[in-house]
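Below you'll find the structure, written out as structure tokens, and then a few comments.
The values are calculated or read from the model by the stated rules, or taken from the named source; none is laboratory data. All figures in this text were calculated on a predicted structure; none of them were measured in a lab. When we count neighbours, we look across all protein chains shown, and the Cβ atoms used for this are built from the backbone with ideal geometry, even at glycine. When the accessible area is computed, the model is the full protein with side chains, heavy atoms only, and any ligands, DNA or RNA have been set aside. Shrake-Rupley method; radii C 1.70, N 1.55, O 1.52, S 1.80 Å.
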Amino acid sequence: MGKGGQSNMAITRSSANKNKNDGSEMIKTVEKYTWDEVKKHCSPEDAWMVYMGKVYDMSNWHEHPGGAVIYTHAGDDMTDIFAAFHAPGSQNLMKKFFIGDLIAESVTHKDQRQLDFEKGYRDLRSKMVLMGLFKSNKMFYVYKWVSTMCLWAAAVAMVYFSDSTSVHVASALLMGLFFQQCGWLAHDFLHHQVFRHRKYGDLAGIFWGNVMEGYSVQWWKNKHNGHHAVPNLHSTSAVSQDGDPDIDTMPMLAWSLKQARSYRELANDGKDSAVVRFFIRNQAALYFPILLLARLSWLNESFKIVFGLGAVSENAALEMKTKGLQYPFLEKLGIVLHYTWAFTVASGFGRFSFMYSVMYFMIMTCSCGWFLAIVFGLGHNGMETYDAQTRPDFWKLQVTTTRNIIGGHGFPQAFVDWFCGGLHYQVDHHLFPSLPRHSLPKAHKLVESFCKEWGVKYHEADLVDGTMEVLNHLQNVSDDFVVDFLTDGPTM
């Protein structure tokens with residue numbers, strides 16, 4: 001565990017050691033630390049963090065229930081991301097890590113307006129708690145559970161009762177849509193929006209994630225929680241893991257010129273490889289084809305995590321090495337059950353030829369990747385990006401890196417609500433990830449009003465306009481990359 005629970009740093013023995021006979025007692029004092037001192041302790045092996053003006057030493061605390069995501073805020077203030085992810089009262093468990101107080105005057109990067117702003121959004125969260133917005137409606141989730149399984153039953157029935165190729169293609173597309181909707185339900189349960197008892201949420205997540213969708217809960221938590229902690233933050237270097245894993249898409253996609261250049265430090269000659277040049281120059285055209293293959297990558301990463309075959313990131317590798325799977329038997333069983341039923345359906349219950357089965361599997365897999373990734377992409381891609389060392393405060397980071405999706409261009413709002421699974425309120429969800437899906441519309445009005453009051457950028461776009469914004473952003477990065485290459489690089 002962190003050194004705070006073992007050390008005597010927080011409490012000095014005494015400031016006045018007097019004779020017991022004079023009736024005096026030991027006077028305990030608390031250590032004081034500057035912000036610059038806290039910033040020095042920014043690695044998993046040496047991790048200090050600030051919560052509500054108090055300093056905690058979380059070094060090597062790999063038993064953290066949420067995994068290695070905790071180290072995205074090593075050497076930083078974790079007050080608001082802690083509140084976003086933890087149940088009320090969780091802060092009481094941190095007492096053993098306490099080492100001292102932060103000297104408020106040393107925090108020179110925040111003026112009074114910034115401090116008032118932070119107090120304002122913390123008060124807004126308290127107001128929402130009092131309004132009951134964080135209480136889940138169990139009947140809503142019963143409806144979503146049953147209606148989503150109806151998609152699966154319909155897709156299976158279309159294969160079982162029909163010999164028509166067109167019906168089978170439609171079934172595969174419907175199965176892809178089912179996988180997408182499974183993703184939204186697993187997302188809700190694993191964010192603990194539904195149950196107060198977190199184990200119930202994890203078990204529901206294993207059903208929707210491992211069994212029905214083929215994704216590992218542990219893999220998803222590590223990746224997604226890291227994304228929530230640091231959305232659209234670039235890693236310090238190409239080999240570091242202090243950035244957003246969801247934009248760690250090099251060498252195929254770059255979301256800023258800095259990211260496009262990042263692989264140069266991995267090359268012996270300090271130059272871009274032919275592969276990097278090809279993908280970045282053509283990334284706007286390749287964006288949708290890459291999305292079609294996204295689910296294949298996620299299936300592969302999940303399988304490797306569950307069966308101990310490797311991890312896609314250093315952060316995930318650290319978590320697996322020090323903690324391992326939280327539910328090893330259930331995760332493995334869930335993945336086996338998924339492929340058992342998925343291959344049974346893809347084979348037409350034994351009627352299809354090998355190539356016909358591959359066709360069905362690829363259609364349902366690629367369509368799912370597109371259905372999921374189009375919503376993810378609209379949520380953050382093409383929005384602000386930041387360096388890990390210069391991130392803004394929690395609220396501005398979440399709001400400025402995120403885009404809400406609205407109805408438009410022939411897509412009614414009701415369709416957007418269903419298709420996006422609540423993530424069309426991406427800004428609001430990022431600010432309050434444990435808020436149940438059905439409470440997001442009410443929260444949206446409060447968040448929008450607060451942003452207007454404080455002059456914080458808040459962006460919304462429909463499915464078509466948002467997609468064009470993403471493609472235009474990719475093209476702009478490509479153009480900047482080509483100009484940069486021609487200016488500073490060798491002749492093409």
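Once the Cα atoms are used to define both axes, helix 165-190 deviates from the longest principal axis of the chain by about 10 degrees. Put simply, the amide H of S43, placed in the peptide plane, has neighbours under 5 Å in W48, leaving out anything fewer than 5 places away on its chain. Per residue, the accessible area of region 387-492 comes to 42 Å² when a 1.4 Å probe rolls over the protein heavy atoms.
Element breakdown for region 349-422 at a 1.4 angstrom probe: carbon and sulfur atoms account for 71% of the accessible area. Based on alpha-carbon centroids, what's the gap between region 369-390 and region 176-238 in Å, whole number please? Between the Cα centre of region 369-390 and that of region 176-238, the gap is 16 Å. Treating r as the C-beta distance of A87 and I406 and R0 as 41 Å, the FRET efficiency rounds to 0.85. Taking only the C-alpha atoms of region 365-492, the Rg (one decimal) and the largest Cα-Cα distance, Dmax (whole number), read 16.9, 56 Å. Each residue of region 46-104 gets 83 Å³ once the volume of the Cα convex hull is shared out per residue. This model, with +1 at the C-beta of Lys and Arg and -1 at the C-beta of Asp and Glu, gives region 102-180 a dipole about its Cα centre of some 340 debye. At a probe radius of 1.4 angstrom, the accessible area of region 51-113 per residue rounds to 47 square angstrom. Here the convex hull built on the C-alpha positions of region 300-402 has a volume of 154 cubic angstrom per residue. Candidate cross-link partners of K223 among the lysines, defined by an alpha-carbon separation under 25 Å and a same-chain spacing of 8 or more, comprise K39, K144, K199, K258, K304, K321, K323, K332, K396. What percentage of all Cα-Cα pairs in region 420-491 are separated by more than 20 Å? Of all Cα-Cα distances in region 420-491, 53 percent exceed 20 Å. Highest mean packing comes first when the peptides 183-193, 55-65 are listed by Cβ atoms within 10 Å, giving 183-193, 55-65. For mean projected area of the Cα convex hull in nm², the value calculated from this model appears in (1) 25.4; (2) 28.2; (3) 48.3 under label (2). Counting 0.36 nm for each residue step from T340 to A154 and taking away their Cα separation leaves a gain of 65.1 nm. Placing +1 on the Cβ of every Lys and Arg and -1 on the Cβ of every Asp and Glu, with nothing else charged, gives the chain a dipole about its Cα centre of roughly 1440 debye. Between helix 283-292 and the chain there is an angle of about 80 degrees, using the helix long axis and the longest principal axis of the Cα atoms.
Normalising by residue count, region 273-344 has a Cα convex hull of 123 Å³ per residue.
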